[in-house]
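Only the coordinates and a few stated rules stand behind these numbers; no lab work does. Just so it is clear, the model here is predicted, and its values are computed rather than measured. Cβ atoms come from the backbone with ideal geometry, glycine included; neighbour counts cover every protein chain shown.
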Amino acid sequence: MDFLDRSSAPLTEEEWNRIDAAVVEAARNMLVGRRVLSILGPLGAGVYSIPYSVFSGKMQAGVDMIGEKEGFVIEADRRATINLPILYKDFKIIWRDVEADQHLGIPLDVSTAAVAASYVAAQEDNLIFNGNKELGNEGLLTVTGRLTVPITDWNKSGNALSDVVKATGALAAAGHYGPYAMVVSPVLFGSMVKVYGNTGMLELDQVKAIIGGGVHYSNVINGKKGVVVALGAQNLNLAIGQDMVTGYTGPVNMNHLFRVMETLALLVRRSDAICTIE
């Protein structure tokens, strides 16, 4: 990956390893979208866009004794192409910190790399869930053709469970039988952390029993909104060109500038595999 120009940075292999470890740990702790999406790639940093198939509607498989009935062929309704934007955040390492590490044995401070990675991770989830109108990328909460159920007051016991049942029911009616995963705003997640009726169990645990594929919250989802998705690469992909990585951009006033970056996009193959609760 010569485009990262890492060999030009005045860092040892051990220092680069510390930066990479800090970036990976910070991103892993924050990323939510990757927990519910199938990964496609990495495809390569130079990939600007990717074509993919889009499907709609549901159809039964054939069942007969000789297998010659017509009309049981799956084919894409259309082919779409989506751009893979660059998500990035720069950070600076002071030249004196490098000198202190290499000549005095004081470990290099890589906290700036971790902070940069956290910003990129937040931008990734924001693109996945909210999309980006300027780039023409839709998100799980905004994609055209998604299913929707109206939200009730989740502060009242049983309402969250009832809304989730409606959402999974809508997905099942569209031909998506699970497993499902759900991501909600922090406010809604907190509303589920209460005892459900006289069961002695949290309502959150009841919801998890129905969802099966995990219940998560993301700080990029504002207000009282959530989304339930039917898992599987046949429904949704996160197309990754270049996975999150750190490159060297050069010296600035004797200090050293680096960039945490990645390229990716959400592929929605079957929009009715998504049901928002809002």
At 7 Å along Cα-to-Cβ for each site, give me the label-to-label distance between ASN17 and ASP2 in nm.
2.7 nm
Filter the trypsin sites (Lys or Arg not before Pro) in segment 90-139 down to the DSSP loop ones having no more than 16 other Cβ atoms within 10 Å, then list what survives.
LYS133
Quick one: among VAL36, VAL164, VAL47, which has the greatest mean-square fluctuation in a GNM of the chain with alpha-carbon springs under 10 angstrom?
VAL47
Residue-by-residue Karplus 3J(HN,Hα) for segment 3-13, coefficients 6.51, -1.76, 1.60, Hz, glycine and proline x:
5, 7, 6, 5, 5, 7, 6, x, 10, 7, 4
Output the 0 to 90 degree angle, nearest 10, between the alpha-carbon long axis of helix 111-130 and the longest principal axis computed from the alpha carbons of the chain.
20 degrees
Where chymotrypsin sites (Phe, Trp or Tyr not before Pro) in DSSP loops with at most 11 other Cβ within 10 Å are excluded, longest remaining stretch of the chain:
49-176
Which one of ASN17, ASN198, ASN130 has the biggest mean-square fluctuation once the chain is modelled by GNM with Cα springs under 10 Å?
ASN198
Would you calculate a helix-derived [θ] at 222 nm for the chain, using -39,500 (n - 2.57) for each DSSP H run of n ≥ 4 and dividing by the full residue count, to the nearest 500?
-9000 deg cm²/dmol
Quick note, segment 1-149: a/c under 1.5 would make it rounded; otherwise a/b > b/c is prolate and the rest oblate (a ≥ b ≥ c, C-alpha gyration tensor); here it is prolate
Assuming a viscosity of 1.306 mPa s and a temperature of 10 °C, what translational diffusion coefficient in µm² per second does Stokes-Einstein assign to the chain, Rh being the Kirkwood radius over Cα pairs?
75 µm²/s
Can you list the residues, at least 5 places off or on another chain, whose amide H is less than 5 Å from the amide H of GLN234, using H built in the peptide plane?
none
Quick one: 3J(HN,Hα) in Hz for segment 155-167, Karplus 6.51/-1.76/1.60 with θ = phi - 60°, rounded, Gly and Pro as x.
6, 8, 4, x, 5, 4, 4, 4, 5, 5, 4, 4, 5
Charge dipole (segment 1-132, unit charges on Cβ, about Cα centre) - positive-most of VAL24, ILE93, ILE50:
ILE50
Where does the charge balance sit around GLY214 when Lys and Arg score +1, Asp and Glu -1, over other residues with C-beta under 11 Å from its C-beta?
+2
Per residue, the convex hull volume that the Cα atoms of segment 174-278 enclose (Å³)
153 Å³
With respect to the cross-link table entries LYS89/LYS224; LYS89/LYS156; LYS133/LYS166; LYS58/LYS225; LYS58/LYS224, which display a Cα-Cα separation exceeding 32 Å?
LYS89/LYS156
